[in-house]
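For reference, the structure discussed in these notes is given below.
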Amino acid sequence: MYALNTLSLLWSKILGILSMINFPTDILDILIVAFLIYKILGFIKSKTSGQIVKAVAVMLVLTYVSDLLKLNTLNFLISKALEVGLIALVVVFQPELRRLLERLGSSNIRSLLAPKVETGNIDQMIEHIVSACRSMSRQKIGALIVFERKNSLEEYFKTGTVVDAAISEELLTNIFFPKAALHDGAVVIRDQRVAAAGCVLPLTSNPNLSRDLGTRHRAAIGITEHSDAVVVVVSEETGVISVVVRGDLRRYLTPDSLTKLLKRELKEENDASVQNAFQRILDKLNRSRDDNGTEEE
């Protein structure tokens, strides 16, 4: 009887909430806000940006707590710090904000409502990469190729040269040719295109690495410690092909094993990236409703 009364009370509350919703406008309002939240989460997906946002969230919590406990001095200092911090955030996120505004100005509505679908063939991209690595391995040409995944590598583009070119064996071998201007840096692959070349990556500080590993390998490990990137390295001294994933260095790869590894790491990411944005939002809303019993606004 108690359970029945509880369900009846819960159902009446749900009906009361639904009666207050103006379906044509409020539902649209909820979807737009959810879409913006989804885009903001993608906007701060890099670890550096995420840490800044976490710091801001902590300061907001401290502001609320200090106001609640009447800690006037602390509340005043944090409030002023937040005012200055908003300007600092605009400066820190300037490249991302510019990129977002450029996309808003140049894209149609359909492209804004859905994530970018990669039109190229990922198998063909991997084939070009493997062929280039095989060729450079035979000639003992050093190479450092970084595949961007969920974590943005935009901050490293400014250390190199923006290329934005289709991937080919000839392009990669020309970039890493010893006398080429960009051969010392890393090539960053984004959306199955060569986005930038000659990029400088952070070196790992792991003291337990073998002394045989040169700067390229340490840079490859370093970037995977700061992001979820997948990195292919060709040793200039030995011609050995290696791959680094999540800080794990896998050496002495054959072209076949390199192909299998790249397909395993990159195709799963590619499959996940082509899901519809609103479908993801609806899935999250459904999960939230299942967990809480009622759909939250």
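The values are calculated or read from the model by the stated rules, or taken from the named source; none is laboratory data. This one's a predicted model, so the numbers in the text were calculated from it and none came from an experiment. Cβ coordinates were reconstructed from backbone atoms using ideal geometry, including for glycine residues, and neighbour counts include every protein chain displayed. The accessibility values were calculated without ligands, DNA or RNA, using every heavy atom of the protein model including side chains. Shrake-Rupley method; radii C 1.70, N 1.55, O 1.52, S 1.80 Å.
Structural remarks
- Any hit, segment 177-184, residues being closer than 22 Å to Arg149 by Cα and among the hydrophobic types (A, V, I, L, M, F, W, C): no
- A Cβ distance below 6 Å, combined with a sequence gap of six or more or placement on separate chains, defines the contacts here; from segment 154-171, residues that are within 23 Å of His128 (Cα to Cα) reach residues that are of a type in the set (S, T, N, Q) in the pairs Glu169/Ser131.
- Candidates Val230, Val244, Val200, filtered to the one that is open to solvent by less than 10 Å² (accessible area, probe 1.4 Å) and without any contact (Cβ under 8 Å) to a residue 60 or more places away in the chain: Val244
- Residue, surrounded by the fewest Cβ atoms within 10 Å (Cβ to Cβ), within segment 247-286, restricted to residues that are in a helix (DSSP H, G or I), of a type in the set (S, T, N, Q) and at pLDDT 80 or above: Ser257
- Test: residue in segment 49-58 that is farther than 22 Å from Leu153 by Cα, exposed (fewer than 12 other Cβ atoms within 10 Å of the Cβ) and at pLDDT 75 or above: yes
- If the condition is being open to solvent by 30 Å² or more (accessible area, probe 1.4 Å) and either part of a loop (DSSP other than H, G, I, E, B) or among the aromatic types (Phe, Trp, Tyr) (or both), then segment 203-219 contributes Leu203, Ser205, Asn206, Pro207, Asn208, Leu209, Ser210, Arg211, Asp212, Gly214.
- Condition met for Val65 (modelled with pLDDT of 75 or more, part of a helix (DSSP H, G or I) and under 30 Å from Leu153 (Cα atoms)): no
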